[in-house]
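One structure is given here, and the rest of the page talks about it.
The values are calculated or read from the model by the stated rules, or taken from the named source; none is laboratory data. Since this is a predicted model, take the numbers as computed values, not measurements. Neighbour counts run over all protein chains shown; Cβ positions are idealised from the backbone, glycine included.
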Amino acid sequence: MRYHKIPDETVRRLPIYLRGLMLSADQGREHICSKSLAEYVGVPSWQIRKDFSYFGDFGTPGVGYHIERLAREIKKILRLDVIRRTALVGVGDLGSALLAYPGFRTYGLDIVAAFDVNPRKVGKRISGVEVEGLEGIADLKQRKISLAIVAVPREVAQATVDALVEAGVRGILNFTPCRVAAPKRVKIITLDIAMELARLPYYMPAG
């Protein structure tokens with residue numbers, strides 16, 4: 001089901017709620033109220049209830065939310081209820097770390113292909129994934145890969161995104177610290193780690 005007119009901030013918080021539910025389930029809990037969930041995720045309980053209200057009535061008065069059922073519903077909303085085959089372009093230090101990170105599978109994302117321009121890396125297996133040359137990007141649609149992670153130098157970021165779009169990719173997580181463009185049918189999320197880090201000193205006491 002596709003939901004319309006849902007605030008981006010609400011969609012951004014759903015994975016946070018899902019992580020909190022998973023932590024609760026790991027502790028053996030079967031139900032959780034919005035107040036307890038708020039303590040896990042750091043979001044006010046009223047905001048949690050408002051966010052959930054966009055999608056339906058998930059709670060039971062006096063009981064709260066059934067953790068397994070609510071987690072299943074959030075996964076459906078985010079379309080994480082099926083495994084999403086994902087490609088990684090750029091297998092440098094950051095790309096290699098992303099390949100080794102096990103947390104993607106928790107959210108139904110499986111990096112099944114990796115590409116790099118360096119001939120010394122092509123043919124090697126990193127964290128179980130064989131690195132391919134960039135020419136392999138053209139085959140992503142045939143391999144049923146619709147998501148991609150970009151971790152390449154700034155000067156080739158746009159060309160990389162263009163190649164991924166041409167190959168049928170519909171969602172891109174961009175780790176390159178620059179703005180890239182794509183047709184409206186393609187969703188791009190840019191995550192600039194250095195920029196996020198640069199915000200921290202503002203919140204720190206002077207001296």
| Test: residue 168 is of a type outside the set (D, E, K, R), surrounded by 15 or more Cβ atoms within 10 Å (Cβ to Cβ), at positive phi and under 17 Å from the mean Cα position of the chain (by Cα) | no
| message | Filter region 90-120 down to the residues that are in a helix (DSSP H, G or I) and polar (S, T, N, Q) and list them by number. | response | 96, 106
| field | region 10-32: number of residues that are surrounded by fewer than 15 Cβ atoms within 10 Å (Cβ to Cβ) and under 17 Å from residue 56 (Cα atoms) | value | 1
| request: Run down 193, 149, 145, 188 and say which single residue is touching a strand residue (DSSP E or B) at 6+ places or on another chain (Cβ under 6 Å) and without any contact (Cβ under 8 Å) to a residue 40 or more places away in the chain. | output: 188
| message | Residue pairs, Cβ under 6 Å, 6 or more apart or interchain, first in region 97-113 and farther than 22 Å from residue 132 by Cβ, second surrounded by 15 or more Cβ atoms within 10 Å (Cβ to Cβ) and modelled with pLDDT of 85 or more. List them. | response | 107/80; 108/80; 108/84
| remark: Counted residues in region 118-138 being under 27 Å from residue 185 (Cα atoms) and either loosely packed, with under 14 Cβ neighbours inside 10 Å or among the β-branched types (Val, Ile, Thr) (or both) come to 3
| request: Identify the residue in region 23-41 that is among the hydrophobic types (A, V, I, L, M, F, W, C) and within 23 Å of the chain's Cα centre (by Cα) and, among all such residues, is farthest from residue 107 (Cα to Cα). | output: 38
